[in-house]
Amino acid sequence: MTATRVESACCSVTAETPIDEEAVSKAASAFKALGDPHRLTMLQLIAKSGEALCVCDLEEHVPLSQPTVSHHLKILAEAGILSREQRGRWVYYSIAEKRVGEMKLELGELCC
């Protein structure tokens with residue numbers, strides 16, 4: 001990547017070019033999914049368990065009803081942060097290690 005200097009009215013900024021708008025949009029969607037304390041709590045519970053968990057495993061740890069827990073898990077899964085596995089009638093969620101690793105790299109590229 002080539003660093004370019006961008007001049008503005010108050011200061012100059014060095015920016016890496018080109019900016020990949022699609023990658024920025026994907027990262028923003030994933031980080032937005034983490035913007036809820038209940039989702040972060042559920043993500044942490046799943047990560048610390050070391051195994052896939054279903055809604056019934058999580059709802060006792062958050063002050064939310066089963067449908068609301070399911071909704072939050074769906075948002076995390078759609079963002080690619082969680083993986084879903086259907087086991088009979090139940091859906092089990094686990095950390096999507098690859099995507100979470102990508103998010104760590106994206107955050108590093110954005111600000112460090």
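The values are calculated or read from the model by the stated rules, or taken from the named source; none is laboratory data. Values in this document were obtained by computation on a predicted structure and should not be read as measured data. Using ideal geometry, Cβ is built from the backbone for each residue, glycine included, and neighbour counts are taken over all protein chains shown.
Annotation note: Cβ proximity below 9 Å between a residue of region 39-51 that is without any contact (Cβ under 8 Å) to a residue 24 or more places away in the chain and a residue that is part of a helix (DSSP H, G or I) (sequence gap 6+ or interchain) occurs for Thr41/Leu58; Thr41/His61; Leu45/Asp57; Leu45/Leu58; Leu45/His61; Ser49/Asp57. The residue that is farthest from Leu64 (Cα to Cα), among those in region 18-34 that are within 9 Å of the chain's Cα centre (by Cα) and not hydrophobic (A, V, I, L, M, F, W, C), is Ser29.
Residue count for region 58-112, restricted to those that are among the aliphatic types (A, V, I, L, M), more than 13 Å from the chain's Cα centre (by Cα) and surrounded by fewer than 16 Cβ atoms within 10 Å (Cβ to Cβ): 1. Considering only residues in region 7-57 that are loosely packed, with under 15 Cβ neighbours inside 10 Å and of a type in the set (Lys, Arg), the one that is modelled with the highest pLDDT turns out to be Lys48.
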